[in-house]
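Below is one structure, written out as structure tokens, with a few remarks after it.
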Amino acid sequence: MRHSNRFYIILITILFAASIFATTTFSSTGLILEDEGADKTEIVEKTVIFLKERKPGIPEDRIKVIANSVYEESRKYDLDYRLVLAIMKVESNFKNEAVSRRGARGLMQIKPSSAKIIARESGVEVKGAKCLHEPEKNIKIGVSYLSKLHAMFENMVSALHAYNAGPGKVKKPATQETAKTTSFTRKVMSEYRQITEVLPEADED
């Protein structure tokens, strides 16, 4: 009888452990991932809080436009919205009025010469360089461009390199592991890792 009870206890323990394992998703690195990502409302609200903490001087209405645009455009092109935020942090430090020495403008630092080409492909109307300071247009163009580069190079490290240096200066690697990293790509990926610790993964539907 004791052996029978012990057998049932062991069996129940195994079944319980199996049920836990079955409902938990693991990444390729062994980290536990959430079974279900957050929905749009939760993500936009948390992104607004995130931006307020880092740039408290940004007007409320502009922050909401940025948060919503980042979510919508990232979802449209099947990109992680947190990566887009990381690019914005490195490129402009979330400064909508930012202008680089080379003339790149806005949150995602889009060059006016490149914007016209990208805008046509992404269905965005661009009338002069000033409109690149409009958060919604800047994000639409920037995310569309990143998606195009990702498709071109088939890995995000090279896509980020090309986003910063221009696709003509980047060679497509044989594998993602052999993709060349730069100061820019390392900064973006470092920011991305930090942001993933405070903002949730988006759901997949």
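The values are calculated or read from the model by the stated rules, or taken from the named source; none is laboratory data. Given the structure is predicted, the values throughout are model-derived calculations rather than measurements. Cβ placement follows ideal geometry from the backbone for every residue including glycine, while neighbour counts extend to all protein chains displayed.
I want to confirm something. Restricting to region 79-114 and keeping residues that are touching a helix residue (DSSP H, G or I) at 6+ places or on another chain (Cβ under 8 Å) and over 21 Å from residue 186 (Cβ atoms), which single residue is modelled with the lowest pLDDT?
Result: 114.
Report yes if some residue within region 131-143 is under 20 Å from residue 95 (Cβ atoms), of a type in the set (A, V, I, L, M), at pLDDT 95 or above and touching an Asp or Glu at 6+ places or on another chain (Cβ under 6 Å); otherwise report no.
Yes.
Would you check which residues across region 108-162 are hydroxyl-bearing (Ser, Thr, Tyr) and under 30 Å from residue 174 (Cα atoms) and list them?
Answer for region 108-162, where residues must be hydroxyl-bearing (Ser, Thr, Tyr) and under 30 Å from residue 174 (Cα atoms): 114, 122, 144, 145, 147, 158.
Please determine whether any residue of region 107-114 is under 21 Å from residue 203 (Cα atoms) and not aliphatic (A, V, I, L, M).
no
Kindly indicate whether residue 47 is at pLDDT 50 or above, loosely packed, with under 10 Cβ neighbours inside 10 Å and in a helix (DSSP H, G or I).
no
Can you spot a residue in region 182-194 that is touching a helix residue (DSSP H, G or I) at 6+ places or on another chain (Cβ under 9 Å) and over 21 Å from residue 94 (Cβ atoms)?
yes
Within the set of pairs 6+ apart or on separate chains, which have a first residue in region 123-148 that is closer than 11 Å to residue 112 by Cβ, a second that is assigned to a helix (DSSP H, G or I) and of a type in the set (Gly, Ala, Ser), and C-beta atoms under 7 Å apart?
Every condition considered, the pairs that remain are 126/115; 126/119; 132/115; 141/115; 141/119; 141/122.
Please determine, by comparing only the residues of region 22-44 that are part of a loop (DSSP other than H, G, I, E, B) and not hydroxyl-bearing (Ser, Thr, Tyr), which one is modelled with the highest pLDDT.
Of everything passing the filter in region 22-44, 39 is modelled with the highest pLDDT.
Kindly state which helices (runs of 4 or more DSSP H) lie completely within region 99-205 and contain at least 1 residues that are crowded, with 17+ Cβ neighbours inside 10 Å, more than 19 Å from the chain's Cα centre (by Cα) and assigned by TED's automatic domain parsing to the domain that holds residue 82.
Result: 112-122.
Would you point out which residue out of 142, 123 is touching a helix residue (DSSP H, G or I) at 6+ places or on another chain (Cβ under 8 Å) and of a type in the set (Gly, Ala, Ser)?
142
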